[in-house]
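Enquirer: Before I ask anything, let me first share the structure, which is written out below as structure tokens.
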Amino acid sequence: MGEELKVIVFGLGHEEYGIEVDKVRTIERLSPITRVPKTPSFIKGVINLRGIVVPVIDLRGRFGLGETEPTENSRIIVVAAGELEVGFIVDAANDVIDIDTDTIDSPPEIVGGIKAKYLRGIARLGDSRLLIMLNLSEVLNKNEIIQLEQLEV
């Protein structure tokens, strides 16, 4: 058996994704987002989270899944990307689970239309449930982090 990895499970469309708990700062209900001009369409803007300006990214838009209207289940998962905190809009944040690292396989070349570079791997949970593990360093590539850091000013 490998190490236990504590993961937050969230939904985008009909798929379940996971982010390591130690990368997550907080999970918030959707709040008003201030749009920032001249940013990619998936960067929705910024929110004021307890006095800190946090850039917000729509993960559906980031992955090219087609954006939808937020629901009462929509959440902003605030993650740490180095010194920067970034919010991800997701359809729902469902659960916190423990995963055995031995159950995480390398991602296939293309999974559900999302480029494999965004994925850390696919975790097998039981016989029929798969969890897509995000690779945060690719979801937020260096150029985007620089762009997001400029939003804080």
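Enquirer: Please report, as a whole percent, how much of the solvent-accessible surface of the range 4-152 comes from carbon and sulfur atoms (probe radius 1.4 Å).
Expert: Numbers: 3790 of 7890 Å².
Ligands and nucleic acids excluded, carbon and sulfur reach 48 percent.
Enquirer: For the range 4-152, what are the per-bin percents of Cα-Cα distances with bins 5 Å wide, up to the bin holding the maximum?
Expert: With a bin width of 5 Å, the distribution comes to 2, 9, 20, 23, 21, 14, 6, 3, 1, 0.
Enquirer: If you place +1 on the Cβ of every Lys and Arg, -1 on the Cβ of every Asp and Glu, and leave all else neutral, what size is the dipole of the range 4-152 about its Cα centre, to the nearest 20 Debye? Intermediate values should be presented prior to the final figure.
Expert: Numbers: 17 positive and 24 negative charges, 114 e Å.
For this selection, approximately 540 debye.
Enquirer: Next question, about the same structure. With every protein chain left in place and a probe of 1.4 Å, what is the accessible surface of R120, to the nearest 10 Å²?
Expert: 100
Enquirer: For the range 7-14, just list the computed ³J(HN,Hα) in residue order, Karplus coefficients 6.51, -1.76 and 1.60, θ = phi - 60°, integers in Hz, with x standing in for Gly and Pro.
Expert: So the Karplus estimates, Gly and Pro as x, are 10, 8, 9, 9, x, 9, x, 9 Hz.
Enquirer: Here's something else I'd like to know. Could you point to the residue in S74, I19, N135 farthest towards the positive end of the range 4-152's charge dipole, with +1 and -1 charges on the Cβ of Lys/Arg and Asp/Glu respectively?
Expert: S74
Enquirer: Counting Lys and Arg as +1 and Asp and Glu as -1, what is the net charge of the other residues whose Cβ lies under 15 Å from the Cβ of T26? List each step's numbers first, then the result.
Expert: On the way: positive: K23, R25, R29, R50, R75; negative: E20, D22, E28, E85.
Charge balance near T26 sits at +1.
The values are calculated or read from the model by the stated rules, or taken from the named source; none is laboratory data. Note that this is a predicted model, so its numbers are computed, not measured. Every residue, glycine among them, receives a Cβ derived from its backbone with ideal geometry; neighbour counts consider all protein chains shown. For accessibility, only protein heavy atoms count, side chains too; no ligands or nucleic acids. Shrake-Rupley method; radii C 1.70, N 1.55, O 1.52, S 1.80 Å.
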